[in-house]
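The values are calculated or read from the model by the stated rules, or taken from the named source; none is laboratory data. Quick caveat, the model's predicted, so the values are computed rather than measured. Cβ sites come from the backbone with ideal geometry, for glycine too, and all protein chains shown count toward neighbours. Accessible surface areas use protein heavy atoms only, side chains included; no ligands, DNA or RNA. Shrake-Rupley method; radii C 1.70, N 1.55, O 1.52, S 1.80 Å.
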Amino acid sequence: MIPPKIIILGAGYAGLTAALTFQKKLRTKEAEVTLVNKNEYHYFTTRLHEPAAGTFPHDKTRVDIKRLINRKKVQLIQDNVVEIRTSDRVVVLENHTLAYDYLIVGLGAEPETFGIPGLMEYTFNRWNINGVRQLREYIEYQFATYKNDPKRTELLTFVVGGAGLTGIEFVSELADRVPKLCKEYDVDTSLVRLITVESAPVALPGFDPGLRNYATSALEAKGVEFILGTPIKACNKHGVVLASGKEIRAGTVVWAAGVRGNSIIEKSGFTTTRGRVPVDGYLRAPGHENVFIIGDCALFTDQRTKRPYPPTAQIAVQMGKLLAENIVVTIRGTKHKRKPFKPVIYGTVASLGREDAIGQFGKKRVTGYPAVIIKKAVDLRYLFAIGGIRLVLKKGRF
Ligand code: FAD
Ligand code: NAD
């Protein structure tokens, strides 16, 4: 019998976990598994706020995929996915066309722009290695430029759009970095402004009020200003314009105000909500028995609350693992052994820089160093799961 072809698009949390699960569970010649990714490396999106602010090297937040997979079991193709053609059961890449029997789409997220003019041109909004490396360099360049043109104090103003988890984790790291940059470039710290603009009336809307207050007070103490209940309505070369009409002149604007599914999915004709495909209990795209969507591209609804789960790495990993296990039993002719997806939400930890964090686990609340330890443990656990102790020692932040 010809082994079925399984194609996985994207080697992020979801796709890589699926590939590693196949690698573990499939017997030789049971299936041909191909993992397609645009880079030769997998990156740890959950830590990108650190290299973005320059507090941790970007190389520590990525790993060569070839070091993680067994290429006798999983073939790796480094290429850009261009289109998914379900009618022909093929995926079009820049340099290849691949036929599939089972297709797993884990292409991750893109910034949600809400149609805000100037956003793509004038903000840093790419939460990937190339994006954060550029942002880190740009931040430093602002300090260097200011010293040569000291009338332009706006160069030292940094606006972060969105006080969700990404915005808060990034501005916290930046607040940690500012004193070092000021020292390096002989800049008076009082000239630097870090402004977080949030459309909701509170920062970190998903957290309980006690933790929210803890986080905002901790950040205010580090010099972060908050403008709440005011959306950014336009971005331009001078900075941002708020819905209130106020303009903030800023040398750097960072966009962290939400994500949508990868646009390739919409372009390929799938029905989506904010670029995410509403999947069923077996993570299938509606109307497609053999096309599965996982991670940030999937919209999975909690049937109890009727609300979609937020796009997170913890869910992406669980989706990747369960889906691979379900495909293995299907290939073996024991489809009845498939399990529906039931995410387990362990909790949420938001880092507030190197030495502070908040965590919410059901009714349990944690702040300060214990929360920092939990956050580190979660990161290290993931490294261990994908690459064992060697990866933990090589890439871990202790
Ligand atoms: P990704 O991990 O983004 O992977 C997508 C992959 O697809 C990438 O390898 C990409 O290169 C590849 N790809 C994309 N387009 C193409 C293409 N056209 N062709 C080929 N390959 C392509 N979640 C948590 O649970 N906990 C956290 O602490 C946390 N922290 C975060 C911190 C930050 C700064 C950010 C931005 C997000 C954080 N998240 C966190 C959310 C989490 O990172 C995402 O939910 C998770 O990365 C989604 O996994 P994924 O596999 O769907 O996508
Ligand atoms: P988000 O959607 O969670 O937060 C975006 C924030 O931007 C919201 O508070 C929203 O009100 C605000 N906003 C929207 N439009 C705005 C505008 N025009 N002006 C100002 N503010 C605006 O997005 P995110 O923080 O990028 O997170 C994306 C996903 O990744 C979420 O599911 C999140 O849970 C996950 N994540 C998790 C962690 C963690 O667990 N530590 C860290 C980062 C991200």
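Would you be able to tell me the number of residues in region 80-91 that are surrounded by fewer than 16 Cβ atoms within 10 Å (Cβ to Cβ) and without any contact (Cβ under 8 Å) to a residue 60 or more places away in the chain? Summing the residues that are surrounded by fewer than 16 Cβ atoms within 10 Å (Cβ to Cβ) and without any contact (Cβ under 8 Å) to a residue 60 or more places away in the chain in region 80-91 gives 3. Residues in region 188-203 that are more than 9 Å from ligand 2 (Cβ to nearest atom) and in a loop (DSSP other than H, G, I, E, B): ASP188, VAL192, PRO201.
Select, from VAL33, VAL63, the only residue that is touching a residue at least 24 places away in the same chain (Cβ under 8 Å), more than 24 Å from GLU325 (Cα to Cα) and in a strand (DSSP E or B). On inspection, the qualifying residue turns out to be VAL63.
Of all residues in region 228-277, those being among the small types (Gly, Ala, Ser), farther than 19 Å from LEU155 by Cβ, touching a helix residue (DSSP H, G or I) at 6+ places or on another chain (Cβ under 9 Å) and at pLDDT 95 or above number 5. With respect to (1) away from ligand 1 (no atom under 14 Å from the Cβ); (2) open to solvent by 60 Å² or more (accessible area, probe 1.4 Å); (3) farther than 23 Å from ALA175 by Cβ, the lone exception for ALA31 is condition (2). Taking the conditions (1) assigned to a loop (DSSP other than H, G, I, E, B); (2) surrounded by 18 or more Cβ atoms within 10 Å (Cβ to Cβ); (3) hydrophobic (A, V, I, L, M, F, W, C); (4) within 11 Å of ligand 1 (Cβ to nearest atom) in turn, ILE345 satisfies each one other than (2).
Yes or no, residue by residue, for (1) open to solvent by 50 Å² or more (accessible area, probe 1.4 Å); (2) touching a Lys or Arg at 6+ places or on another chain (Cβ under 9 Å); (3) not assigned by TED's automatic domain parsing to the domain that holds ILE104:
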site	(1), (2), (3)
LYS306	yes, no, no
VAL317	no, no, no
THR330	no, yes, no
HIS336	yes, no, no
LYS339	yes, no, no
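Here region 1-30 is the region considered, the condition is being within 29 Å of SER351 (Cα to Cα) and outside any helix (DSSP H, G or I), and the residue that is nearest to ligand 2 (Cβ to nearest atom) is GLY12. From the list PRO150, PRO205, the one residue that fits, being over 19 Å from GLY118 (Cα atoms), in contact with a Gly (Cβ under 9 Å, 6 or more places away or on another chain) and open to solvent by 30 Å² or more (accessible area, probe 1.4 Å), is PRO205. Would you check if TYR369 is closer than 30 Å to PHE270 by Cα and surrounded by fewer than 21 Cβ atoms within 10 Å (Cβ to Cβ)? Considered against the rule, which asks whether it is closer than 30 Å to PHE270 by Cα and surrounded by fewer than 21 Cβ atoms within 10 Å (Cβ to Cβ), TYR369 comes out as no.
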